[in-house]
Amino acid sequence: MVKANDYTSVMGRKAEIMLRSVGIDYSKFESGSIAFDYEKMMKETGYTLEEMQEIQYGVNVGNTPLLELKNLTALARSCAPRGKGARIFIKDEASNPSGSFKARRAANAVYHAKKLGYKGVIAATSGNYGAAVASQAAIAGLKCIIVQECYDSKGKGQPEIVEKARKCEALGAEVVQLSVGPELFYKFLLLLEETGYFNASLYTPFGIAGVETLGYEVSMQFREKYGKDPDVVICTHAGGGNLTGTARGLKKAGAASTVIGASVDLAGLHMASDKAFNLKSFTTGHTGFGVPFSNWPDRSDVPRSAARPLRYMERYVTITQGDVFYMTECLATLEGLEKGPAGNTSLAAAFALSQEYDRDKLIVVQETEYTGAGKHVQPQLSFAKSNGIEVFFGDPKDEIPGKNIVLPEHPSLIKATDVDLDHMRRSLIKTALKTYNTSEPTDQDIKFLAEETMKDEAWVRKTVSELK
Amino acid sequence: MIKKGEWVRIHKNILEPSERAPQVPDDTKECPLEMWDKGFLTADADMGDEVEIETVANRIEKGTLIEVNPSYDHDFGKCVPELLKIDKQVREILFGGEK
């Protein structure tokens, strides 16, 4: 019988397609209500830290250099109150084979796919993860298909995503490019069904566990070089995997570093809007992903996401597009390093946050990414201008995403803005109650929600009663 | 005439505006969901024909033939003079410029 391929029919087959393409029976971890056994899922379907290191080092992933940014630290100190200005470091993840930390996630996913006998892998991603999966699939000799959202309805492509398509194709992948819209997932399901390939989702336990090696390495490198763990680790935050995996790796190392998430503020721009698509100068690492994926991780392409950022994020800050562009230029002109926007989002936050800490404290931005045509600060600003975005010097607090990009008149104007985490935690609890259609969560649910939000059970119970 | 086996790019609409998902914002709902893919032509054809390609993942995909030996045109954009001002400013703060 020929299967119906209209939108509703394909979405109706989602559970069946997912089970076959990920090879995880998520029902094993479910409690029947809000709670599920997160640690059991990570343990049974993931790999141990040692196994992951072996897998990654075997394909030239990981062991990336740790760089101290002395000139940027000096610049931060010139803007900071007396005695303040923590030392700023970056973990140069751009040294990975595909040019970003995503190689760690992809190494594990592709290893797992090959082990299970899949002939190919598919990933739905417009970002570095596509290049990482393509790179790892090339090493493993597997077929690779990347599905990306790339063009608006006028056929105008986001330069950074066009570059990512080039890179994926250069690494031997088929790139299926789509116009704007969440139905990318529909085409993704069709491709999984047609090919029988592995769903190299960003959100499976293997993918997230793959980032644990990054957190672990950060701790080990700091201990070796500076005799202590970093005081603060900043992760650029979008879907939550980077932060979750890094924080878990730090915990496995026994590090007590403060984990801070940072996203570019794109408030007011609808992520599925055709008109807004090319008004953004950032394709990820922004609040359009960072906020919803924290508030409700299970909106991803697997039934239960292994990326659960509110379990690990002690502070969440936003930074403006203008701040990140400014900092990207500072990195080039003061440190002699050209890197892409993902790590530089955290770097802009680190620059501001350094000024809150004493000079003997250590702050690390745990990733960098490659840059080049399309991705570089110049094509992005040039593209913004061609789309009618005003670019000028001023106070970044006046920036309105989609309307202007305000480059700071002076580096002292770069500020990290705190996001109210309790508000996000309440939002997560509200969505959990709504999704499972209950106002009376079980004791197990309360315990689970306390873990999900890094709060105690009394706070969760109080929040639940307030939401009634 | 474009020969069988040539490397080409195709385009097709995979959802018409009436078929789009309910949660899609209004401006997006007015447009079809479009798709572009590349592969080797499975039979001789002319530009604009409905054709079949075999992709590098050995998949068969159909669509309108729009480009032969497709190339990339993304680049480093136009000069952004603001970047030069940033360079000058931060180097002056740190190293004092020519003073």
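Going through segment A:142-170 one residue at a time, which ones are farther than 21 Å from A:E194 by Cβ and among the small types (G, A, S)? Hits for segment A:142-170 are A:S153, A:G155, A:G157, A:A170.
Yes/no matrix, rows are residues, columns are (1) in contact with a helix residue (DSSP H, G or I) (Cβ under 8 Å, 6 or more places away or on another chain); (2) free of Cβ contacts under 8 Å to residues at least 12 places away in the same chain; (3) on the phi > 0 side of the Ramachandran plot:
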{"site": "A:E54", "(1), (2), (3)": "no, yes, no"}
{"site": "A:G62", "(1), (2), (3)": "yes, no, yes"}
{"site": "A:L69", "(1), (2), (3)": "yes, no, no"}
{"site": "A:G83", "(1), (2), (3)": "no, no, yes"}
{"site": "A:R87", "(1), (2), (3)": "yes, no, no"}
{"site": "A:N96", "(1), (2), (3)": "yes, no, no"}
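Of the numbered criteria (1) out of contact with any helix residue (DSSP H, G or I) (no Cβ under 7 Å at 6 or more places or on another chain); (2) within 14 Å of chain B (Cβ to nearest Cβ); (3) buried (at least 20 other Cβ atoms within 10 Å of the Cβ), the one A:F351 fails is (1). Residues in segment A:174-207 that are in a loop (DSSP other than H, G, I, E, B), of a type in the set (A, V, I, L, M, F, W, C) and within 7 Å of another protein chain (Cβ to nearest Cβ): A:V180 only. A search for C-beta distances below 9 Å between a residue of segment A:185-198 that is free of Cβ contacts under 8 Å to residues at least 12 places away in the same chain and any residue that is not small (G, A, S), counting only pairs 6+ apart in sequence or on different chains, returns A:E194/B:R59.
Against the conditions (1) outside the structural domain of A:L190 (by TED's automatic domain parsing); (2) modelled with pLDDT under 95, A:F36 satisfies every one except (2). A:N242 fulfils the conditions (1) in a loop (DSSP other than H, G, I, E, B); (2) touching a Cys at 6+ places or on another chain (Cβ under 8 Å) except for a single criterion, (1). Being crowded, with 24+ Cβ neighbours inside 10 Å and either part of a loop (DSSP other than H, G, I, E, B) or free of Cβ contacts under 8 Å to residues at least 40 places away in the same chain (or both) is the requirement here; does A:I146 meet it? Yes: the conditions hold for A:I146. Here segment A:149-173 is the region considered, the condition is being over 23 Å from the mean Cα position of the chain (by Cα) and at the interface with chain B (Cβ under 7 Å from one of its Cβ atoms), and the residue that is modelled with the lowest pLDDT is A:S153. Scanning segment B:42-59 for residues that are within 19 Å of the chain's Cα centre (by Cα), surrounded by fewer than 17 Cβ atoms within 10 Å (Cβ to Cβ), on the phi < 0 side of the Ramachandran plot and not in a strand (DSSP E or B) yields one hit, B:M47. Checking segment B:69-90 against the condition returns a match, with at least one residue being at the interface with chain A (Cβ under 7 Å from one of its Cβ atoms), over 28 Å from A:F185 (Cα atoms) and among the aromatic types (F, W, Y). Select from segment A:25-55 the residues that are in a loop (DSSP other than H, G, I, E, B) and in contact with a Lys or Arg (Cβ under 9 Å, 6 or more places away or on another chain) and write down the one among them that is farthest from A:A106 (Cα to Cα). Checking each candidate, the answer is A:A35.
Residue-level analysis places A:K3 outside the set of residues that are among the charged types (D, E, K, R) and within 28 Å of the chain's Cα centre (by Cα). Residue selection: B:E61 satisfies the criterion of being more than 30 Å from A:G394 (Cβ to Cβ) and not small (G, A, S). Total residues in segment A:168-196 satisfying the condition of being farther than 29 Å from B:S18 by Cβ and surrounded by 24 or more Cβ atoms within 10 Å (Cβ to Cβ): the figure is 2.
Number of residues in segment B:14-41 that are surrounded by 14 or more Cβ atoms within 10 Å (Cβ to Cβ) and at the interface with another protein chain (Cβ under 8 Å from one of its Cβ atoms) equals 18. Can you tell me how many residues in segment A:314-339 are surrounded by 24 or more Cβ atoms within 10 Å (Cβ to Cβ) and not in a helix (DSSP H, G or I)? Going through segment A:314-339 one residue at a time, the tally reaches 5. Within segment A:393-414, the set of residues being assigned to a loop (DSSP other than H, G, I, E, B) and either more than 11 Å from chain B (Cβ to nearest Cβ) or touching a Pro at 6+ places or on another chain (Cβ under 8 Å) (or both) comprises A:D395, A:E399, A:I400, A:P401, A:G402, A:K403, A:I414. The number of residues in segment A:100-130 being assigned to a loop (DSSP other than H, G, I, E, B) and more than 15 Å from the chain's Cα centre (by Cα) comes to 4. In this structure, A:K143 does satisfy being facing chain B (nearest Cβ under 10 Å), more than 21 Å from the chain's Cα centre (by Cα) and closer than 27 Å to A:P303 by Cβ.
The values are calculated or read from the model by the stated rules, or taken from the named source; none is laboratory data. Just so you know, these numbers come straight off a predicted model, no measurement behind them. Heads up, the Cβs are rebuilt from the backbone with ideal geometry, glycines too, and the neighbour counts pull from every protein chain shown.
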